[in-house]
Amino acid sequence: MIPLHEAQAYVLAGCSPLDTTTTTATNALGLVTGEPINCNEFVPPFNNTAVDGYAVMAADTAAAPVNLQVVGAIAAGEAPSTPITPGTAIRIMTGAPLPEGADAIVMVEETTTNDDATVVTIHTGVEAGAAVRRAGEDMQPGQQAFDSGTLLQPGHLGVLATLGIESIATHRRPLVGVISTGDELVEGP
């Protein structure tokens, strides 16, 4: 009888990678990538907000508390149509693109509004870049997302979806059979 680690090494020495096949990303869970996976676009694709709050010019908040005129709202998935100018703010939801002129986000928890939400009081000043996710901050075109030989787990599939990758090269799933032999498997007289 040999130790388990020696048996594993013996079996693995006789193995070679299986052929690759094209698999949809949604069916790739538990499979192994057959080639490197590269990013083809900026992630995120545009400057956006990391929190719910107000898009502002950071310089307008330096003397907080300050009141700013609310000139619009942007939900995630909407394109901004109104730019930020000095003394203005736009209500913005997590993931929404930054409007032109904005360089920071003030978290909603650091604000109050008047009764008709046309004026927002910013209670805490912010610096340029606060709560802003820059285009390409997570990944850039040409950057490798996964090596060849990566065992795909749920998180990997989320990255593939984020990258817009619908199909990938994966190694075929191995077929394994176990045949038990020997008289030690039977109780004898």
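Listing for the model above:
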| item | result |
| --- | --- |
| All strands (runs of 3 or more DSSP E) inside segment 59-167 with 1 or more residues being under 30 Å from THR21 (Cβ atoms) and under 25 Å from the mean Cα position of the chain (by Cα) | 144-146 |
| Test result for GLY14, modelled with pLDDT of 95 or more, small (Gly, Ala, Ser) and either in the same structural domain as GLY164 (by TED's automatic domain parsing) or surrounded by fewer than 12 Cβ atoms within 10 Å (Cβ to Cβ) (or both) | no |
| PRO36 vs. criteria in the same structural domain as ASP147 (by TED's automatic domain parsing) and of a type outside the set (Lys, Arg) | yes |
| Boolean, PRO36 is in contact with a Phe, Trp or Tyr (Cβ under 9 Å, 6 or more places away or on another chain), surrounded by 12 or more Cβ atoms within 10 Å (Cβ to Cβ), in contact (Cβ under 8 Å) with a residue 40 or more places away in the chain and not hydroxyl-bearing (Ser, Thr, Tyr) | yes |
| Hits in segment 114-153 - residues which are loosely packed, with under 12 Cβ neighbours inside 10 Å, charged (D, E, K, R) and within 28 Å of GLY30 (Cβ to Cβ) | ASP147 |
| Sole exception among (1) touching a Ser or Thr at 6+ places or on another chain (Cβ under 6 Å); (2) of a type in the set (D, E, K, R); (3) at pLDDT below 95 for GLU184, by number | (1) |
| Residues within segment 49-86 that are free of Cβ contacts under 8 Å to residues at least 60 places away in the same chain and among the charged types (D, E, K, R), tallied | 2 |
| Odd one out for ILE84 among (1) assigned by TED's automatic domain parsing to the domain that holds GLY149; (2) surrounded by 18 or more Cβ atoms within 10 Å (Cβ to Cβ) | (1) |
| Unmet requirement for ALA75, which otherwise passes all of (1) of a type in the set (A, V, I, L, M, F, W, C); (2) surrounded by 12 or more Cβ atoms within 10 Å (Cβ to Cβ); (3) modelled with pLDDT of 95 or more | (2) |
| Selection status of THR162, touching a strand residue (DSSP E or B) at 6+ places or on another chain (Cβ under 7 Å) and closer than 18 Å to GLU41 by Cβ | yes |
| Hits in segment 135-154 (condition: of a type in the set (Ser, Thr, Tyr) and in contact with a helix residue (DSSP H, G or I) (Cβ under 8 Å, 6 or more places away or on another chain)) | THR150 |
| Pair list, Cβ under 6 Å, 6 or more apart: segment 107-134 residue in the same structural domain as ALA89 (by TED's automatic domain parsing) and at pLDDT 95 or above, other residue among the charged types (D, E, K, R) and not in a strand (DSSP E or B) | VAL108/ASP52; HIS123/GLU110; THR124/GLU110; ALA128/ASP103 |
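The values are calculated or read from the model by the stated rules, or taken from the named source; none is laboratory data. Model, not experiment: these values are computed from the prediction. Every residue, glycine as well, gets a Cβ built from its backbone with ideal geometry; the counts of neighbours run over all protein chains shown.
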